[in-house]
Amino acid sequence: MLDLNPSLRPVHRPDGYLRLEDLGLIGDGSTVALVGVDGSIPWLCLPRFDADAVFGGLLDDQRGGHFTVTAEDLREARQYYVPDTAVLVTELRTVTGLLQITDAIVVRSGSDLTDDAPAGRGELVRSARVLDGTIRLEVDLRPRDSGHIRAALDGLEIRPSRQPDLRLHLRANRPLTSLPVTFDLHEGEHVDLVLSWGRIHRHHRFDAEEMLAATVDAWRRWMAHFAYGGPEEPLIRRSAITLKLCDDWANGAMVAAPTSSLPAPLGGVRNWDYRYAWIRDAAFTVFAMRRIGFEQEADAFLGWVLDAFEQDRQPRIMYTLDGRPVPEEIEDPGLKGYRGSTPVHWGNGAADQRQHDVYGEVLDCADQWVRAGGELQPALWAQLRGLANAAEQAWREPDQGIWETRNDGRVLTYSAGMCQVALERAAALGEQLDLPGPTEQWRAAAAKLTRRILERSWDEKAQTLSAHLDGGGTLDASLLALPLRQVIPPTHPRMIATTTAIATRLSAGDGLLYRYLHDETPDGIEGHEGAFLLCSFWLVDNLVHQGRLEQAHDLYQSLCARTSPLGLLSEQIDPATGTFIGNFPQAFSHIGIIASGVNLARAGATT
């Protein structure tokens, strides 16, 4: 649960790793770092989100690498954010004193974070100050698989062995000639460290306090756009910042998560690289961000989707942040995985899958783009028109679907529903803008497909729509998204029955939901998984739209209570232990927090 003033508590490292709940997120719109409650940084990819992990100790505590600033003989710790910012404070207590570390990947003074432009300086600031007593401060920096470290004019130059062209520069306000190093500090004394990877500022005088203040100011000016009055407002504020940290500010795209290969569950093989932008994330993100005041970010993501589609001339399900094809998936035998969960993957093998929902995702983005005042050029409309025509036939073919199963696929109800979205949005665009195309044919095909979904996927015995368009009663939580995409009214009797069936049969307990049951729906991947948090937020939304506000509100509060003390969520929850599993933090989970809060607020649930 989000705690704005948490208590100091013992630090636990099961299997030698921090829990995901004990990690904080900082970033500058180009990359992020995960900062541990013990003062370690076990995750930082440079120079951008999807580059190699310079510090990858999250995936191997021995060889992965880290940048640690901590106190000798650590007993207790806590973390909290400077309010309305991505500046993180970690406090460490020892027998002899109390240390405060302030961390940020800093931005340029005066930066406007609403601009579609880089704001980062390419610098990580770590400022350690003794608040009470005396502290022996320990500083160590070790890239993955080591590297070459040498003394430079004003600090240390580090060349990671895996990225010899990447020059890191570590400076301090005290003499720094080697690593590791210790400093004996008394109350009021401090050590400031700046790790640079952008060469512009390396030989400039640095003032850590000034850089941190400028970063705080930039974030607070961005948060001045925040507009929301409803349940869990402090958590909604934090989720907005978390999504902004998952955003590539130069391109407008958003990574699904800034990490790779965090397992779901522990010890399993469902370990994927999420450091790319999925087309389907755009529509959900735009809904969430636009409704809490961040229209610029919403428009930037929409524009990125349309640019990527127009440039590539085919609807891919995911892209790199600069709109290129995602690298092939490879296993990394050099890392043993988080808490021993192998394999570690880079790239994503689902990138070239057949997923028919992408037709609807792209056309829905185009529709939202126009609704926000954007224009469609003739060449782009010609491509979108072709996409709608393809969707009219594609739903009949098997695909791997929204969950990216690794089997031969089936004809999936949700995929058919998103083809309906493609047809309906194309017809709406054509009619609204008087564009060339068979709008009446698209409109009729969309209506026919809705009827087909309601009739063919309905299972009378199970009293539910089915995961597969040919019926059978097998359940899939993606069915909860059909009303959210306006395929089926949320109050349709068959949708109400489906909501009840999913809440019962896919329940993982305490409001958590599985995406599907592996015994009923084999997905071609070994093992099982945890409860998928976004699905529970979809359940909240359906309950709201069906008028079941008290039930929706109670479920929403129980889900929000599962966040870490910093207000962060992973992709999944282990139902047996309640712990975070899967990549972290997960954009989809935070989109769920915001979207469901907005829906509850609009329905009048304000507490």
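Just a few scattered comments:
- Subset of the range 365-396 [more than 26 Å from ALA288 (Cβ to Cβ) and open to solvent by 50 Å² or more (accessible area, probe 1.4 Å)]: GLN377, PRO378, ALA379, ARG385, ASN389, GLN393, ARG396
- Scanning the range 325-342 for residues that are over 26 Å from ALA253 (Cβ atoms) and open to solvent by 20 Å² or more (accessible area, probe 1.4 Å) yields PRO333, LYS336, ARG339, GLY340, THR342.
- Hits in the range 561-598 (condition: out of contact with any Phe, Trp or Tyr (no Cβ under 9 Å at 6 or more places or on another chain) and either surrounded by fewer than 24 Cβ atoms within 10 Å (Cβ to Cβ) or among the small types (Gly, Ala, Ser) (or both)): ALA561, ALA576, THR577, GLY578, THR579
- For the condition of a type in the set (Lys, Arg), open to solvent by less than 70 Å² (accessible area, probe 1.4 Å) and modelled with pLDDT of 95 or more, ARG221 does not qualify.
- Some residue of the range 107-118 being more than 30 Å from ASP322 (Cβ to Cβ) and touching a residue at least 60 places away in the same chain (Cβ under 8 Å): no
- Of all positions in the range 431-451, at least one carries a residue that is within 15 Å of LEU363 (Cα to Cα), among the polar types (S, T, N, Q) and either open to solvent by 50 Å² or more (accessible area, probe 1.4 Å) or not in a loop (DSSP other than H, G, I, E, B) (or both).
- Checklist (1) assigned to a strand (DSSP E or B); (2) open to solvent by 10 Å² or more (accessible area, probe 1.4 Å); (3) over 24 Å from TRP222 (Cα atoms) applied to VAL130, failing item: (2)
Yes/no per residue for (1) open to solvent by less than 20 Å² (accessible area, probe 1.4 Å); (2) not hydrophobic (A, V, I, L, M, F, W, C):
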| residue | (1), (2) |
| --- | --- |
| GLY471 | yes, yes |
| LEU479 | yes, no |
| THR500 | no, yes |
| ARG505 | no, yes |
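- Hits in the range 445-487 - residues which are out of contact with any Ser or Thr (no Cβ under 9 Å at 6 or more places or on another chain) and of a type in the set (D, E, K, R): LYS448, ARG451, ARG452, GLU455, GLU460, LYS461, ARG485
- Pairs with Cβ under 8 Å, 6+ apart, first in the range 1-14 and part of a loop (DSSP other than H, G, I, E, B) and modelled with pLDDT of 95 or more, second surrounded by 10 or more Cβ atoms within 10 Å (Cβ to Cβ) and among the acidic types (Asp, Glu): LEU8/GLU76; LEU8/GLU91; VAL11/ASP22; VAL11/ASP38; VAL11/GLU76; HIS12/ASP22; ARG13/ASP38
- Meets criteria (assigned to a helix (DSSP H, G or I), open to solvent by 10 Å² or more (accessible area, probe 1.4 Å), more than 28 Å from GLY340 (Cα to Cα) and among the hydroxyl-bearing types (Ser, Thr, Tyr)) for SER558: yes
- Flag if GLN420 is of a type in the set (S, T, N, Q), surrounded by fewer than 19 Cβ atoms within 10 Å (Cβ to Cβ) and either under 22 Å from ALA481 (Cβ atoms) or touching a residue at least 24 places away in the same chain (Cβ under 8 Å) (or both): no
- Residue within the range 68-84 that is hydrophobic (A, V, I, L, M, F, W, C), open to solvent by less than 10 Å² (accessible area, probe 1.4 Å), within 23 Å of LYS244 (Cβ to Cβ) and touching a helix residue (DSSP H, G or I) at 6+ places or on another chain (Cβ under 6 Å) present: no
- Residue in the range 515-530 that is aliphatic (A, V, I, L, M) and crowded, with 24+ Cβ neighbours inside 10 Å present: no
- Exactly one residue among LEU533, LEU549 is among the aliphatic types (A, V, I, L, M), modelled with pLDDT of 95 or more and surrounded by fewer than 22 Cβ atoms within 10 Å (Cβ to Cβ), and that residue is LEU549.
The values are calculated or read from the model by the stated rules, or taken from the named source; none is laboratory data. If you're wondering where the values come from, they're calculated on a predicted model, not measured in any experiment. Every residue, glycine among them, receives a Cβ derived from its backbone with ideal geometry; neighbour counts consider all protein chains shown. Remember, those area values only see protein heavy atoms, side chains included, never the ligands or the DNA or RNA. Shrake-Rupley method; radii C 1.70, N 1.55, O 1.52, S 1.80 Å.
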